[in-house]
1. Taking the Cα atoms of the chain, what is the range of coordinates along each of the three principal axes, in descending order and whole Å?
2. Straight-line reach from residue 101: which lysines fall under 20 Å, measuring Cα to Cα and dropping same-chain residues less than 8 apart?
3. Hand me the chymotrypsin sites (Phe, Trp or Tyr not before Pro) from segment 1-57 located in a DSSP loop with no more than 16 other Cβ atoms within 10 Å, in residue order please.
4. With n ≥ 4 as the cut-off for DSSP H runs, can you work out [θ] at 222 nm for the chain, using -39500 (n - 2.57) per run divided by the number of residues, rounded to the nearest 500?
5. How about the chain: which trypsin sites (Lys or Arg not before Pro) there are in a DSSP loop, with at most 16 other Cβ atoms within 10 Å of their Cβ?
6. Which whole-number percentage describes the relative contact order of the chain, with Cα contacts under 8 Å and a sequence gap of 6 or more?
7. Evaluate the charge dipole of segment 4-101 about its Cα centre and quote only its size in Debye, nearest 20, assuming +1 on the Cβ of each Lys and Arg and -1 on the Cβ of each Asp and Glu.
8. When a footprinting reagent is the concern and you count Cβ atoms within 10 Å, what order do 97, 84 take, fewest first?
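Each value in this text was obtained by applying a stated rule to the coordinates, not by laboratory testing. For clarity, every value in this text was computed on a predicted model and none was experimentally measured. Neighbour counts are summed over all protein chains in view; Cβ atoms, including those assigned to glycine, are modelled from backbone coordinates with ideal geometry.
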Amino acid sequence: MAISQVNDANFADETSKGLVLTDFWATWCGPCKMMAPVLEEVDSELADNLKIVKLDVDENQATASKYGVMSIPTMFLFKDGEIVDKIVGFTPKEALVDRIKEHVG
């Protein structure tokens, strides 16, 4: 499944079912740019069990504010609409995969 962009209007809908990793990011953020290829790899590895969505915090401040995002990248892992994990800052692929796999199944 390809990584898709979400916004304030469709965020709740996109995170309501299954396991969804949300990446709060911005175009000017260096660590966010470093995270992008990692997320692509995680997406290809866990596509059967995980959906990944990205939310640009500059364009979608209501959602970022609702979840108290103070620094980026911040990633929330949702399971059926509930937050089950929060990861702040650049995270290597192996560490990210390990944290996601705790919630698969």
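1. Principal-axis extents of the chain (Cα, largest first): 32, 28, 21 Å.
2. The reachable lysines, counting only those whose Cα sits under 20 Å from residue 101, are 17, 51, 54, 79, 86, 93.
3. Values: sites: 11, 24, 25, 28; in loops: 28.
Listed in order of number, the matching sites are 28.
4. Details: 4 runs with 36 residues, N = 105.
Theoretical 222 nm ellipticity from helices: -9500 deg cm²/dmol.
5. On the way: sites: 17, 33, 51, 54, 66, 79, 86, 93, 99, 101; in loops: 17.
Hits after loop and neighbour filter: 17.
6. Details: 176 pairs, mean separation 40.0, N = 105.
Relative CO of the chain lands at 38 percent.
7. Numbers: 10 positive and 17 negative charges, 47 e Å.
With only Lys, Arg, Asp and Glu charged at Cβ, the dipole is about 220 debye.
8. 84, 97
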